[in-house]
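Only one structure is covered here, and it is reproduced in the block below.
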Amino acid sequence: MIPDHAGQAATEAATPDSPLRFVQAFLREPFTVGACWPSSAALSRAVVDSCAFAPSSTVVELGPGTGSFTELLLERLDSRGQLLAFEISDTNIEVLRRRFPRCRTIHDSAEFLPRYLGHKRADCIVSGLAWGNMLPALQDRVFRAMLESLTPDGQFVAFAYVHARWFPTTLRFRKLMFRNFERVELTPIIWRNLPPAYVYRCW
Ligand SMILES: C[S@@+](CC[C@H](N)C(=O)[O-])C[C@H]1O[C@@H](n2cnc3c(N)ncnc32)[C@H](O)[C@@H]1O
């Protein structure tokens, strides 16, 4: 249980777009947010450099937090391209909307992705979710929604924390990727992140 005064202190110290807003979201919903600090520049770069999409693509981001990947993803898209970002936290969505007016931000769970895409399919789906923290039923629903929403040659990119590598939920997520994609690649560990992480690239 997180004491109330910890959340209160973070709220008072947080300027609208500072990383403390992310800490505040974590203190409110630690299991959903799944990390106490936003991804570093090194991990964000590794994730976005793993994405192979054209500037005119439809890209979806799941669990953008306060936008560590969002900023770099938007830089890669031109006026024909579109970024849809699904974020469930009230605190984080508020920061995202202020920071990225060009992004279509959706305040809903990633499991409802097909509903928002309509007849469209995504060329690339980038996950910022902490899959290791998810219960199996939710993991399945989000994974199915992601698969349903990709074009046949679309790409899925996700990261995982090194310390959670052997969590049963992480192993389960890994199995889902190897079962459902033709090709799965892993990057080396990115040590310059709190906590260290690695990236999955799936086709
Ligand atoms: C580990 S944080 C990563 C945030 C950001 N991508 C980063 O790397 O800094 C996971 C984010 O996913 C969001 N999230 C968790 N479950 C979600 C769901 N079912 N649908 C959409 N967002 C979710 C959390 O609120 C949190 O902002």
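Could you list all residues from segment 122-148 that are among the aliphatic types (A, V, I, L, M), within 20 Å of Val59 (Cα to Cα), part of a helix (DSSP H, G or I) and more than 9 Å from the ligand (Cβ to nearest atom)?
Correct list: Ala145, Met146, Leu147.
Name the one entry in Asp78, Asp108 that is in contact with an Asp or Glu (Cβ under 9 Å, 6 or more places away or on another chain) and either surrounded by 15 or more Cβ atoms within 10 Å (Cβ to Cβ) or assigned to a loop (DSSP other than H, G, I, E, B) (or both).
After applying the criteria, what remains is Asp108.
Here are Gly118, Gly67: which of them is at positive phi and either under 13 Å from the mean Cα position of the chain (by Cα) or within 9 Å of the ligand (Cβ to nearest atom) (or both)?
Gly67
Being touching a Pro at 6+ places or on another chain (Cβ under 9 Å), free of Cβ contacts under 8 Å to residues at least 60 places away in the same chain and under 20 Å from Ser39 (Cα atoms) is true for just one of Ala164, Ala158. Which residue is that?
Just one listed residue meets the conditions, Ala164.
In segment 167-200, what residues are touching a Phe, Trp or Tyr at 6+ places or on another chain (Cβ under 8 Å), touching a residue at least 40 places away in the same chain (Cβ under 8 Å) and either buried (at least 16 other Cβ atoms within 10 Å of the Cβ) or of a type in the set (S, T, N, Q) (or both)?
If the condition is that a residue be touching a Phe, Trp or Tyr at 6+ places or on another chain (Cβ under 8 Å), touching a residue at least 40 places away in the same chain (Cβ under 8 Å) and either buried (at least 16 other Cβ atoms within 10 Å of the Cβ) or of a type in the set (S, T, N, Q) (or both), then Phe173, Thr187, Ile190, Ala197, Val199, Tyr200 are the ones that fit.
Quick one: Leu27 ticks every box in (1) within 11 Å of the ligand (Cβ to nearest atom); (2) surrounded by fewer than 22 Cβ atoms within 10 Å (Cβ to Cβ); (3) closer than 25 Å to Leu138 by Cα except a single one, so which number is it?
Against the list (1) within 11 Å of the ligand (Cβ to nearest atom); (2) surrounded by fewer than 22 Cβ atoms within 10 Å (Cβ to Cβ); (3) closer than 25 Å to Leu138 by Cα, Leu27 comes up short only on (1).
A short reminder: the numbers here are calculations on the coordinates, not readings from a lab. Because the structure is predicted, anything quoted here is derived from the model rather than measured. All Cβ positions, even for glycine, are placed from backbone atoms using ideal geometry, and neighbour counts span all protein chains on display.
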